[in-house]
Amino acid sequence: MSAVIQNLVNQPYKHGFHTDIEADVVPKGLSEDVVRVISAKKNEPEWLLEFRLKAFRHWQTMTEPKWPNVKYPKIDFQDISYYSAPKPKATKKSMDEVDPELLRTFEKLGVPMHERAALAGVAVDVVFDSVSVTTTYKEKLAEVGIIFCSFSEAVRDHPELVKKYLGSVVPHTDNFYAALNSAVFSDGSFCYIPKGVKCPMDLSTYFRINTEETGQFERTLIVAEEGAQVSYLEGCTAPQFDTNQLHAAVVELIALDNAEIKYSTVQNWYAGDEEGKGGIYNFVTKRGLCKGVNSKISWTQVETGSAITWKYPSCVLLGDNSVGEFYSVALTNHHQQADTGTKMVHVGKNTRSRIISKGISAGLSNNSYRGLVKIGARADGARNYSQCDSMLIGDRCGAHTFPYLQVANKSATVEHEASTSKIGEEQLFYFSSRGIETEEAVSMIINGFVRDVFIHLPMEFAVEATKLLGLKLEGSVG
Amino acid sequence: MIKDNAPELLDVQGLTATVDSREILRGIDLNVRAGEVHAIMGPNGSGKSTFAKVLAGHPAYQVTGGMVRFDGADLLELSPEDRARGGVFLGFQYPVEVPGVTNGGFLRLAYNTVQAARGKEELDPLEFDDFIREKMQLLEMDPDFLERSLNAGFSGGEKKRNEILQMALLEPRLSILDETDSGLDIDALRIVANGVNQLHTSDDAIVLVTHYQRLLNYIEPDYVHVMENGRIIKTGDKRLALELEDRGYDWVAQEYRERAA
C-alpha cells in the first residue's frame with residue numbers, strides 16, 4: 001500500500017523546460033556598485049537609488065533568519081547574479097511584436113496569454129525573468145483610472161505614488177530578505193485603484209524564473225484608495241534545472257477606508273528532483289496594511305512548488321472594523337520543505353481576522369504552519385478564528401503547527417482549532433470497497449480537504465489549482 | 001429464501017487468514033446461493049468481522065490458505081475495487097469519516113464507477129440527484145445528507161443508514177453486512193432492516209454478521225452459523241439464533257469440542 005502512496009507523488013515536473021532568450025546579466029556578486037548598476041540600467045531617479053542603498057547598507061548588518069523549521073546549505077550571496085533582463089528586440093506595442101519564443105513558452109505552460117486574456121477577461125502583466133515584457137488590457141483599465149503596469153513603468157510614470165507607498169508596509173529594515181529585495185529588486189507589478197472604483201476584472205501576473213542562477217527579486221505594490229476593490233492573481237511556474245535559485249520577493253498591499261484587496265497565488269516553482277536536488281528557495285515577504293476603517297485584505301495561496309518555502313502573507317489591521325483573511329493550501333512532496341503561515345496584527349477596534357490553513361505532506365517532505373495572532377492593547381472587541389489542518393500521505397513525512405498568540409486586550413476573542421489526519425489504509429479501503437480506484441479516492445479526499453480554501457479562489461484559478469494538486473500527488477498513494 | 005436449484009453465489013472452502021502474522025481465520029467453509037440470507041453469529045473476537053473484510057479484500061489481512069469462488073470466479077484474485085464492481089458489497093461496522101468530501105459527491109462517484117464497470121449508464125449530477133433522493137426515501141433519510149461530509153459527525157444510526165443507501169445504489173449480488181445493527185435504536189433498526197428486506201431479491205444473497213438475535217426478528221435468516229476461534233462450528237436455521245439468545249454461546253463451543261474429541 002505504501003509503495004503506491006509513493007508512486008502517486010512521484011510525478012516529474014511538467015513545466016520543466018528552458019527558454020532560449022538572450023538575457024542581459026550582471027556579473028555575480030553584490031556590492032554598492034552592483035546596486036548602482038541595477039538602478040542605472042533602469043534609469044531610476046535619485047530617490048529610488050537612495051532607497052536601494054539604504055536597504056543595502058542595512059542588509060549588510062543583518063544575518064539570515066535561523067528560526068524557520070527548514071534545512072538548507074548556506075547560501076553564498078556573492079555567488080548570485082542580481083540582475084537579468086531579456087534583451088529587448090524592439091519596443092512592443094501589441095502582442096504580435098512579442099518574442100515568439102516567449103509566446104511558445106506560455107503555450108507550453110498551457111497559458112496562451114492572448115487567448116487567456118481575451119477569453120477570461122484577465123489582464124496579464126507578464127513578468128519574464130525580471131522585466132515586464134508586455135501589458136495587456138492596460139488601456140481598458142485606464143478608462144476607469146486604474147493603473148496596472150510594471151514596477152519600472154510606475155517609477156517612471158507615477159513616481160509620486162511609488163514614493164509615497166514603497167516600503168510603507170514592509171520597511172527595508174523588516175527582515176533579511178526584505179532588505180535584500182529592497183536593495184536589488186529588478187521589477188515587478190504596480191497596481192493603483194482610485195477612489196470608489198471596483199476593478200472590472202481580475203488582475204493577473206505570471207511570474208517565471210528563466211535564467212539559471214539568477215535570483216528573482218520581484219517587488220509588488222498594490223494600493224486601493226477609499227472604497228476601491230480589486231482581485232489580484234499571481235501564478236508561478238519555472239523551468240527545470242539543477243542549481244538552487246533564490247527568490248526573495250516583497251509584496252505590499254495598502255487598503256484605505258472601505259477598500260478591499262483580494263490577493264490569490266498559485267505557486268508551482270520547480271521543487272527539485274525526487275532526491276531533493278535543485279529547486280527554488282522561495283523566501284518571500286508579503287504583507288497587507290488595512291489602513292482605513294472597514295477595509296479588508298484577503299490572502300489566498302496554493303503553494304505546491306519550491307524546494308523551500310518561507311512565507312507569511314500577513315495583515316496589519318490598523319483601521320477600526322478592518323478585516324484580514326488568510327486561506328492557504330501548502331502541499332509538500334519528496335524533499336520539499338515549507339514553513340508558511342500568516343501574521344494577523346490587530347491594532348484597531350473591532351478588527352476581525354480569519355485563518356484557514358491546510359497543509360498536505362507526502363514523500364519525505366516537511367510542512368510547518370507558523371502563525372501569529374497579535375491583539376494590541378487598543379484593539380477592543382478584536383476577534384480571530386484560526387483553523388489549521390494537516391494531512392499526511394504516507395508515514396515518512398512531517399507536519400508541524402506553531403501557533404503564536406499574543407493578546408493584550410481582555411475584550412478580544414481568539415479561537416484556534418487544529419487537526420491532523422492521514423490518508424490511510426482504512427479510508428482508502430472504504431473507497432475501494434465501493435469500486436473507486438485509489439488515485440481517484442486520494443484526489444477526492446484531497447479536494448475535500450482543501451475545499452474550504454479553494455472556494456476563495458477565483459473560478460479559473462480554482463480549476464487550475466485542483467489540476468495542479470492532482471498532478472503533484474499522482475502516484476503517491478495506494 | 002432457500003431454493004434448491006438456485007445458482008451458487010459464494011463458495012468458501014478452508015479459508016485461513018492472518019493479520020500481522022496472527023492467525024484469525026482457521027478454515028472457514030461456507031456456501032451461499034442466490035436468494036438466501038445467512039446470519040453469522042458468535043462471540044467477540046471469533047473472527048466474524050475479519051471474515052467479512054477478507055471477502056471484501058481488505059489489504060491488512062493476508063489470506064494464507066483455502067479458496068473463495070464468487071459467481072464462478074476466483075474472488076481472492078480480484079482487487080477490492082473489482083470485487084465491488086463485480087457485485088460484492090461490504091456494509092461497514094465502522095464507516096470511515098472523510099471530512100470535506102460530500103456524501104452526495106462520494107455516492108455519485110461510487111455509483112458511476114460501478115455502473116461504468118458494468119457497462120451501464122452513468123448519471124450526471126442532476127439525474128443522480130433525482131435517482132438518489134428516491135433511494136433515500138426507502139431509508140427515511142433527509143436530502144440534507146447529500147450535502148454533509150461523508151460520515152463526518154453522523155450518528156451511529158445515520159452511518160448505518162448511509163451504508164444501506166450505498167447497498168441500494170450499487171445493487172450487489174452479495175451483501176455482507178458487518179454488525180449493521182450495532183449502535184441502532186429500535187426505530188433506526190426497523191428502518192434499516194426494512195430497507196434491506198426491500199432490496200433483497202431472489203437474485204442476490206445477504207450475509208449478516210451480528211451479535212444479537214434482535215436484527216433477525218426483522219431480517220429473517222435462512223441459515224444461522226456460529227463462529228468461534230476462526231471457524232464455523234455450528235449451522236442451523238433461524239431457531240438456532242433464538243436458542244443462542246436464550247442459552248449463550250458456551251454450549252455450542254462445548255458441543256463442538258466434544259464432537260472433535
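Residues in the stretch A:423-462 that are more than 8 Å from chain B (Cβ to nearest Cβ) and either in contact with a Cys (Cβ under 6 Å, 6 or more places away or on another chain) or closer than 18 Å to A:GLN387 by Cβ (or both): A:ILE446, A:VAL453, A:PHE454, A:ILE455, A:HIS456, A:LEU457.
Would you tally the residues in the stretch B:88-112 being of a type in the set (Gly, Ala, Ser), open to solvent by 10 Å² or more (accessible area, probe 1.4 Å) and at the interface with chain A (Cβ under 9 Å from one of its Cβ atoms)?
Of all residues in the stretch B:88-112, those of a type in the set (Gly, Ala, Ser) come to B:91, B:100, B:104-105, B:110.
From what is left, the residues that are open to solvent by 10 Å² or more (accessible area, probe 1.4 Å) are B:100, B:104-105.
Pick out the ones that are also at the interface with chain A (Cβ under 9 Å from one of its Cβ atoms) and you get B:100, B:105.
Number of matching residues: 2.
Number of residues in the stretch B:59-82 that are of a type outside the set (A, V, I, L, M, F, W, C), more than 14 Å from chain A (Cβ to nearest Cβ) and either assigned to a strand (DSSP E or B) or crowded, with 18+ Cβ neighbours inside 10 Å (or both) equals 5.
Somewhere in the stretch B:29-46, is a residue within 14 Å of chain A (Cβ to nearest Cβ), touching a residue at least 12 places away in the same chain (Cβ under 8 Å) and either small (Gly, Ala, Ser) or not in a helix (DSSP H, G or I) (or both)? No; the residues of the stretch B:29-46 include none that is within 14 Å of chain A (Cβ to nearest Cβ), touching a residue at least 12 places away in the same chain (Cβ under 8 Å) and either small (Gly, Ala, Ser) or not in a helix (DSSP H, G or I) (or both).
When you check B:ARG85 against the structure, is it more than 9 Å from chain A (Cβ to nearest Cβ), charged (D, E, K, R) and surrounded by fewer than 22 Cβ atoms within 10 Å (Cβ to Cβ), yes or no? Considered against the rule, which asks whether it is more than 9 Å from chain A (Cβ to nearest Cβ), charged (D, E, K, R) and surrounded by fewer than 22 Cβ atoms within 10 Å (Cβ to Cβ), B:ARG85 comes out as no. With respect to the conditions (1) exposed (fewer than 15 other Cβ atoms within 10 Å of the Cβ); (2) under 30 Å from B:GLN115 (Cα atoms); (3) more than 14 Å from chain A (Cβ to nearest Cβ), B:ARG22 lacks only one, and its number is (2).
Among the residues of the stretch B:197-215, the ones that are open to solvent by less than 10 Å² (accessible area, probe 1.4 Å) and either at pLDDT 95 or above or of a type in the set (Gly, Ala, Ser) (or both) come to 5 in all. Tallying residues that are over 19 Å from A:ASN321 (Cα atoms), open to solvent by less than 10 Å² (accessible area, probe 1.4 Å) and outside any strand (DSSP E or B) within the stretch A:357-399 yields 2.
Against the condition over 26 Å from A:ILE261 (Cβ atoms) and modelled with pLDDT of 95 or more, how does A:ARG378 come out, does it pass?
no
Within the set of pairs 6+ apart or on separate chains, which have a first residue in the stretch A:220-235 that is closer than 30 Å to A:LYS467 by Cβ, a second that is surrounded by fewer than 19 Cβ atoms within 10 Å (Cβ to Cβ), and C-beta atoms under 6 Å apart? From residues that are closer than 30 Å to A:LYS467 by Cβ, the pairs are A:GLN229/A:LYS198. Picking from residues in the stretch B:10-28 that are of a type in the set (D, E, K, R) and part of a strand (DSSP E or B), the one that is farthest from the chain's Cα centre (by Cα) is B:ARG22. Counting only helices (runs of 4 or more DSSP H) that sit completely within the stretch A:38-151, those holding 1 or more residues that are closer than 30 Å to A:LEU372 by Cα and modelled with pLDDT of 90 or more correspond to A:46-60.
The values are calculated or read from the model by the stated rules, or taken from the named source; none is laboratory data. Just so you know, these numbers come straight off a predicted model, no measurement behind them. Glycine gets a Cβ as well: all are built from the backbone with ideal geometry, and neighbour counts include every protein chain shown. Accessible surface is based on the protein model in full, side chains and every heavy atom, while ligands, DNA and RNA are left aside. Shrake-Rupley method; radii C 1.70, N 1.55, O 1.52, S 1.80 Å.
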